[in-house]
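Everything on this sheet refers to the single structure shown next.
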Amino acid sequence: MFVFTGFEPFGDHDYNPSWDVAQAAARVCGSACHLLAVDFETAKSAWELSEPDDVLIHVGVAASRQTVDFERFAHNATGDYESLSEGVMSLDANGPLARTTDLALRKMVDEWGIEPAARESRDAGVYVCNATLFHSLGHRRAIFVHVPMVDEEVARTLGEELGRVVQAALR
Ligand code: PCA
């Protein structure tokens with residue numbers, strides 16, 4: 001089964017479309033959906049919301065992007081936006097440099113049929129979204145999808161497309 005997650009609003013954003021996207025996708029798939037707080041502790045344990053056989057599908061917003069980005073890698077790196085200039089630290093000192101999603105990302109990107117377009121991304125950033133994927137991949141099959149800062153109506157449309165694409169590619 002699929003387990004979807006979306007995030008609460010954070011920082012300067014009083015709306016986070018990822019939660020509407022995740023809920024709409026979960027509805028299409030008949031799957032569970034959970035709302036995550038945007039902090040590094042939550043990122044560590046989000047995988048516990050799923051069973052060993054589940055595929056976790058995390059959704060987050062990337063306000064600077066215009067495309068729907070299926071993330072290939074999670075880096076073992078972190079830092080908050082303010083301290084980035086002072087360098088980044090690792091999420092897990094004993095962990096690998098990065099973890100990769102071995103699920104059919106390319107299939108999902110090819111299957112995606114609406115605007116904004118989808119692409120495969122190789123940079124999930126160094127914030128909570130990247131950390132969530134990094135930790136989840138240590139325990140579960142997981143993917144992370146970054147969506148642009150769209151409104152509620154578009155978020156629901158993206159979510160329905162995500163649900164359809166996930167079912168088509170991971171069935
Ligand atoms: N986006 C942030 C964290 C939560 C979210 O929706 C990120 O890209 O790390």
Using a simple charge model, +1 on the beta-carbon of Lys and Arg, -1 on the beta-carbon of Asp and Glu, nothing else, what dipole does the chain show about its Cα centre, in debye to the nearest 20? 720
Of the convex hull drawn through the C-alpha atoms of region 83-167, the volume per residue in Å³ is 119
D39 paired with R27, simple spin-label distance in nm, labels 7 Å along Cα-to-beta-carbon: 3.0
Any idea what the alpha-carbon Rg over 2.2 N^0.38 Å comes to for the chain? 0.94
For the residue pair D53 and E152, what label-to-label distance in nm results when each label sits 7 Å from Cα along the Cα-to-beta-carbon direction? 3.7
For region 58-73, Karplus couplings with θ = phi - 60° (6.51, -1.76, 1.60), whole Hz, Gly/Pro x: 8, 10, x, 9, 10, 4, 8, 9, 10, 10, 8, 9, 8, 7, 7, 10
Connecting C-alpha atoms closer than 10 Å in a GNM of the chain, tell me which of A104, A25, A43 has the biggest fluctuation. A104
Out of the DSSP beta bridges found with both residues in region 13-135, what percent are antiparallel (nearest 5)? 50
For the pair R119 and E160, what calculated FRET efficiency results from E = 1/(1 + (r/R0)^6), where r is the Cβ-Cβ distance and R0 = 22 Å, to the nearest 0.05? 0.70
How many percent of all Cα-Cα pairs in region 1-61 sit more than 19 Å apart? 26
Run the numbers on the chain and let me know its relative contact order in percent, using alpha-carbon pairs under 8 Å that are six or more apart. 35
Given only helices, namely DSSP H runs of n ≥ 4 each adding -39500 (n - 2.57), what is the per-residue ellipticity at 222 nm of the chain, to the nearest 500 deg cm²/dmol? -9500 deg cm²/dmol
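All of the numbers you see were taken from the coordinates with simple rules; none came from a lab. Quick caveat: nothing in here was measured; it's all calculated off a predicted structure. Glycine also receives a Cβ, built like all others from the backbone with ideal geometry; neighbour counts cover every protein chain displayed.
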